[in-house]
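**Student:** Structure incoming, see below.
The values are calculated or read from the model by the stated rules, or taken from the named source; none is laboratory data. Here the structure is a predicted model, which is why all the values come from computation and not from measurement. Quick reminder, even Gly has a Cβ in these numbers, built from the backbone with ideal geometry, and neighbours come from all protein chains shown.
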Amino acid sequence: MKILIIEDELRIVESIKKGLELNGYAVDYTTDATEGYDLAQSEDYGLIILDLLLPGMSGYDVCQKLREEKNHTPIIILTAKDQLEDKLKGFELGADDYLTKPFAFEELLARVKALIRRPKSIVEQVIKVRNLTLNTNTFEVKRSGRSITLSNKEYAILTYLMENPGKILSKDQIIHHIWNYEDEVLPNTVEVFIRNLRLKLDAPFKKEKPMIKTVRGFGYKIG
């Protein structure tokens, strides 16, 4: 899951980015509202953390324009503006949550998790593909009841595959969904992580059918 931060205070950005990455999220950021709007429209983000007091466009403008363009990516407004009328305006323009500064990272993380789960409310908290299960709340992965330990990136790739069962995902799609915008990631990197996933998901279960299939020339699918 990839998150976009649009915030002009670099100290806050670095703190949030570090905390989110430690919790398995990929993070892009910008200090410019216009660039943030462009990124939100062109990249695949699971959530946007948006400041209101930005150079150029305001955070209100960014939120309003995204909603007018039918972009329904969840938005958390993170700002020092703590008046009731500010909060009401944010919600009226389409924000999903509103958190004022100063804030505790633990509270922000809880709100991030809640919003990311919300669009998947139709889907169970435990994603299941055949005898493989993934709990999006506890990050626990099991096959045939046996726990499997994954790295953050392995978990993120597996989640992406399991949220799209039977769908072929290209290496470029996986890279754009999992890694930060500024990261220079080669297609071979995806191959390495897929190989590692197979070693953990398939190799110990020799009597079972492989979970991840390579569709040569196109990408990978699970199921």
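**Student:** I'd like to check something: does the stretch 185-203 contain any residue that is in contact with a helix residue (DSSP H, G or I) (Cβ under 9 Å, 6 or more places away or on another chain), free of Cβ contacts under 8 Å to residues at least 60 places away in the same chain, over 26 Å from LEU20 (Cα atoms) and among the aromatic types (Phe, Trp, Tyr)?
**Tutor:** no
**Student:** Look through the stretch 70-97, keep the residues that are surrounded by fewer than 20 Cβ atoms within 10 Å (Cβ to Cβ) and aliphatic (A, V, I, L, M), and return whichever of them is farthest from LYS2 (Cα to Cα).
**Tutor:** Among them, the one singled out is LEU84.
**Student:** State all residues of the stretch 196-223 that are at positive phi and modelled with pLDDT under 90; if no residue qualifies, say none. Show your work before the answer.
**Tutor:** As a first pass, look at the stretch 196-223 and keep what is at positive phi: 217, 219, 223.
Once the filter is applied, which keeps residues that are at positive phi and modelled with pLDDT under 90, the stretch 196-223 yields GLY217, GLY223.
**Student:** Could you identify the single residue in ALA114, ALA80, ALA95 that is of a type in the set (Gly, Ala, Ser) and more than 19 Å from the chain's Cα centre (by Cα)?
**Tutor:** ALA80
**Student:** Next question. For THR133, which of the numbered conditions (1) modelled with pLDDT of 90 or more; (2) polar (S, T, N, Q); (3) loosely packed, with under 13 Cβ neighbours inside 10 Å fails to hold?
**Tutor:** (3)
**Student:** Being at pLDDT 90 or above and surrounded by 15 or more Cβ atoms within 10 Å (Cβ to Cβ) is the filter here; which residues of the stretch 117-130 pass it?
**Tutor:** VAL129 - this is the single residue of the stretch 117-130 that is at pLDDT 90 or above and surrounded by 15 or more Cβ atoms within 10 Å (Cβ to Cβ).
**Student:** I need the full set of residues from the stretch 50-99 which are in a helix (DSSP H, G or I), touching a Phe, Trp or Tyr at 6+ places or on another chain (Cβ under 9 Å) and not hydrophobic (A, V, I, L, M, F, W, C), in order please.
**Tutor:** If the condition is that a residue be in a helix (DSSP H, G or I), touching a Phe, Trp or Tyr at 6+ places or on another chain (Cβ under 9 Å) and not hydrophobic (A, V, I, L, M, F, W, C), then ASP61, LYS65, ASP86, LYS87, LYS89, GLY90 are the ones that fit.
**Student:** If you don't mind, another one. Within the stretch 123-157, restricting attention to residues that are touching a residue at least 60 places away in the same chain (Cβ under 8 Å) and touching a strand residue (DSSP E or B) at 6+ places or on another chain (Cβ under 8 Å), which residue is farthest from LYS207 (Cα to Cα)?
**Tutor:** Selected residue: ALA156.
**Student:** Keeping to the stretch 176-192, report how many residues are surrounded by fewer than 18 Cβ atoms within 10 Å (Cβ to Cβ) and either over 12 Å from the mean Cα position of the chain (by Cα) or under 21 Å from GLU140 (Cα atoms) (or both).
**Tutor:** 11
**Student:** Quick one: which of THR159, THR149 is loosely packed, with under 15 Cβ neighbours inside 10 Å and at pLDDT 90 or above?
**Tutor:** Being loosely packed, with under 15 Cβ neighbours inside 10 Å and at pLDDT 90 or above holds for just one of THR159, THR149, which is THR149.
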